[in-house]
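Engineer: Before anything else, here's the structure in question.
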Amino acid sequence: MTRNLVLFAFACLTMLGCNKSHNLSPAPETIFDEPGMHVVTSTFNQRTETISVLYGNDAALSHAGQARPEHVAGEEFKLVTWGLKPNPLWFGSDINGPLRSVETVKIVADAYGAARIDYGVENRNEETAKIAPTDSDERINFIFAQRASVFP
C-alpha cells in the first residue's frame, strides 16, 4: 500500500513537472518578417550598441552586389536597426533587443518614366528622430553603398 502511494505521488510530481514549457521564444518586438524581402547584409555598430540588417526585394538583391549599380524602378531596401541586449543563454554575448528603426528606400518611376528615390523612417526613437531631411541623402547613400553578403 505504501509502495503504491509513493508511486502515485511520484507520478503526480512527474506530471506537474512536464506541464510547463521552458522553451525561450523571441519577443515580438524583436522580429522583422516581411514577405518578399531577403537579407542583403548586416552591420554592427559597437559605438551605438546596435545591429542592423539590410533587406531587399528581388530587384534590389540583384543590384546589391554590383560596384556601381544602376538602380531601376521596383527596387526596395529596408534597413532594420535593433538595440542590443545581453543574451540570457550565453554569457558575454548580445542578441537583438528593442527595434529602433526601419528605414525604407524605394525606387519608383515618376510620370515621365524616370526613376525617383523615396526615403522614409518608421519606428522613430530619440536617435532616429535626429535624422533631418538633409541627412536623408546621406542615409540613402549609406544604404546603397552596402554590398551583398556572400552566402556559401
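The values are calculated or read from the model by the stated rules, or taken from the named source; none is laboratory data. What you are looking at is a predicted structure, and each value in this text was computed from that prediction instead of being measured. Neighbour counts are summed over all protein chains in view; Cβ atoms, including those assigned to glycine, are modelled from backbone coordinates with ideal geometry.
Engineer: Here is a check on your reading of the model: is ILE117 at pLDDT below 90, under 19 Å from PHE144 (Cβ atoms), hydrophobic (A, V, I, L, M, F, W, C) and in contact with a helix residue (DSSP H, G or I) (Cβ under 9 Å, 6 or more places away or on another chain)?
Structural biologist: Answer is yes for this residue.
Conditions tested, residue by residue: (1) of a type in the set (Ser, Thr, Tyr); (2) in a strand (DSSP E or B); (3) out of contact with any helix residue (DSSP H, G or I) (no Cβ under 8 Å at 6 or more places or on another chain); (4) in contact (Cβ under 8 Å) with a residue 12 or more places away in the chain.
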| position | (1), (2), (3), (4) |
| --- | --- |
| PHE44 | no, yes, yes, no |
| LEU54 | no, yes, no, yes |
| ALA60 | no, no, yes, yes |
| GLY74 | no, no, no, yes |
| TRP82 | no, yes, no, yes |
| GLY92 | no, no, yes, no |
| GLY97 | no, yes, no, yes |
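Engineer: Looking at (1) modelled with pLDDT of 85 or more; (2) within 21 Å of ILE140 (Cα to Cα), find the lone condition where ARG68 falls short.
Structural biologist: Of everything listed in (1) modelled with pLDDT of 85 or more; (2) within 21 Å of ILE140 (Cα to Cα), ARG68 misses just condition (1).
Okay, residues lined up against (1) at pLDDT below 70; (2) over 21 Å from ASP94 (Cβ atoms):
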site	(1), (2)
PHE8	no, yes
CYS12	yes, yes
VAL40	no, yes
GLN46	no, no
